[in-house]
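Remarks on the structure that follows.
All of the numbers you see were taken from the coordinates with simple rules; none came from a lab. Please read these numbers as outputs of a predicted model, since none were measured by experiment. Glycine gets a Cβ as well: all are built from the backbone with ideal geometry, and neighbour counts include every protein chain shown.
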Amino acid sequence: MRLRVMLDGAADASWNMAVDEALLTAGDRATLRFYGWSPHAVSLGWFQRWTDFADVPADVAVVRRLTGGGAIHHGDEVTFSLTCDAAVLPGDIAASYRLLHDAAVAAMRRLGVPCSRLDAGAHQQARPDQRWCFAVPGRDDVVTARGKLLGSAQRRTRAPRPRILHHGSIVLRRPALTPFTAALADAIDDDPATVERLRAALTTGIADALDLIPAPGTLSPAEHALATHLQATRYRDPAFVRRR
């Protein structure tokens with residue numbers, strides 16, 4: 001089985017989330033997608049309340065994710081999404097996080113980033129106590145001596161068939177609203193060549209962990225059409241962002 005790998009550039013928050021939902025609902029294969037954020041933006045977890053983020057500056061775009069967990073200020077980072085049939089990942093949610101986080105740890109260590117997966121603390125929560133994803137590392141989070149380095153969240157659906165969307169955000173440089181995060185720049189240069197190497201290492205690690213063969217790909221016409229529709233009707237709609 002193949003893992004479609006998409007290397008997308010930076011896009012606005014509404015498009016990023018629309019594409020990921022299109023891949024979740026209309027995708028017919030496992031897909032690993034890398035992308036960036038332009039302009040920088042805050043994504044709220046699915047269960048978070050809009051009113052808890054009234055202090056976010058007015059000029060910062062805010063979007064709601066399909067995945068749970070805490071909010072993330074997406075700035076200079078490597079963002080990836082994995083969409084696949086549920087059978088591709090372990091049915092146990094914690095085990096699926098461990099599988100992907102171990103692949104991420106191995107990829108970053110190959111680049112010289114001293115990081116590890118925590119084996120203590122609270123498990124991932126769809127409805128977190130903390131506003132920000134990176135505020136307090138928990139069990140199975142990827143951390144350095146400076147704090148949490150990788151933010152992750154999932155959405156599992158049953159229709160039209162069991163599917164999973166996994167989001168991952170690896171901080172390159174600390175964003176303004178979450179200065180407490182760890183960052184790759186603490187240990188290595190975060191130049192474009194390093195980012196390219198990191199994406200390649202993550203691709204190899206995740207593909208190996210899932211026993212899939214990576215191959216480059218792009219959105220199908222149907223996926224692109226659905227993403228365009230979702231961007232216009234959901235992710236650009238203030239009512240959707242403020243639904244809670």
For the chain, what is the mean residue ellipticity at 222 nm derived from helices alone (per DSSP H run of n ≥ 4: -39500 (n - 2.57); sum divided by total residues; nearest 500 deg cm²/dmol)?
-8500 deg cm²/dmol
Quick shape check on the stretch 1-130: root eigenvalues a ≥ b ≥ c of the Cα gyration tensor, a/c under 1.5 is rounded, otherwise prolate if a/b tops b/c, else oblate, and it reads rounded
At ARG242 and ASP208, where each label point lies 7 Å from the Cα along Cα→Cβ, what is the point-to-point distance in nanometres?
4.9
Among [x] 23, 23, 18; [y] 27, 20, 19; [z] 38, 18, 16, the entry derived from the coordinates for semi-axes √(5λ) of the Cα gyration tensor in Å
[x]
With the Cα gyration tensor of the stretch 90-145 giving a ≥ b ≥ c as the square roots of its eigenvalues, does the rule (a/c under 1.5 for rounded; else a/b larger than b/c for prolate; else oblate) give rounded, prolate or oblate?
oblate
Sorting check: for 137-145, 211-219, which peptide has the highest mean count of neighbouring beta carbons within 10 Å, and how do the rest follow?
137-145, 211-219
In nm, what is the difference between 0.36 nm times the number of residues separating ALA106 and ALA54 and their Cα-Cα distance?
14.9 nm
